[in-house]
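**Q** Here it is, the structure in full.
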Amino acid sequence: MTDTSLAVPGLRSALRSLWQDQRVWLASALMLAVLAVADRNQAAASATFAATALLNTAPFLVLSIAIAAWAGATGADNLIAKAFTGAPVLMIGLGALAGGLSPFCSCGVIPLIAALLAMGVPLSAVMAFWLASPIMDPSMFVLTAGVLDLEFAVAKTLAAIGLGVFGGAVVHLMMKRGAFADPLRDGIGNGGCGGARVRAPKPVVWRFWTDPGRRTKFARTALSTTLFLARWLVLAFILESLMLAWIPAETVTATLGGDGLLPIVTATLVGVPAYLNGYAALPLVGGLIDQGMAPGAGMAFLVAGGVTSIPAAMAVWALARPPVFLLYIGLSLTGAFASGLLFQLWQVL
């Protein structure tokens, strides 16, 4: 009986994990199956479009996978701890830089943030990292350059860092007036393995291939990243093909085109519920821009959606008290609008 009682929860956990991994593939297959019944020509066109787009993106895809696997194998994400030492203003800048540039594993963000706050790191520096982290990382930079263009990738990186600095500065000023003395919810600990990275950061092993364990980790990370990116990009490219086929370019231009403020405001607000995934959003924004979406609106959509996406927002809600959560959302939307506006002005100039 003991063996059975242990096996059943293990089986349930395995099935749950399998379902979570395969549901995106199932969604893509279901969409193509429905299309094959309703419109065979569109089904063939969408499948061809997705395959061609994946092939064209393959060099950037391979590079982004290699970067993610290298970061995990070398332990480069341990460098994150160095961003949270020094004067508050310096920590804000380094926190934003670390969030915007570091190849940090998303599964470690929640315990890391809890650890930082529980250990007394100022909320201003943590907020800078928290805001910048969901927007950009090296893998995202490579894919953004490949799917959109290099200028957009650089601008999105600057937007991530700028949003982090802006949010950290606002929190710093509010804290000087006595706000956010106790930002964590009751019962939140110091973060387990995420806290260990801050308390005792391990050295980075650049020559990871000399260690069998690190070589294995490189291979596993490369495989998991490949499957993750492939399933999301296939779904995104299928959606992009349908968007290009069914949504008139005139509609996109009228709603999200032009140089005014309204398209950027609209994209900022639409980005909150419509954002699927950072990698999946890139082809969709690329398709919308091809149909007449203003580049600034595309930037606002990606920034707003990245920071306020369900996983990112749930992480904040789970750890922080409601006032901190509301400030996070407010800073996200304000920063997304400002990023879109500045990028649009840059395009005009």
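Computed from the coordinates by the stated procedures, all read-outs in this text should not be read as laboratory data. Since the model is a prediction, treat every value here as computed from it, not as a measurement. As a convention, Cβ positions derive from the backbone with ideal geometry for all residues, glycine included, and neighbour counts pool all protein chains shown.
**Q** Give the order of Val24, Val285, Val348, Val62 when sorted by the count of other beta carbons within 10 angstrom, beginning with the fewest.
**A** So the residues, fewest neighbours to most, are Val348, Val62, Val24, Val285.
**Q** Let me ask another. Order of 50-58, 263-271 by packing, highest average Cβ count within 10 Å first?
**A** In decreasing order of mean packing, 50-58, 263-271 become 263-271, 50-58.
**Q** Here is a further query. Which order do the peptides 211-219, 135-143 take when ranked by the mean count of other beta-carbon atoms within 10 Å per residue, highest first?
**A** In descending order of packing, they fall as 135-143, 211-219.
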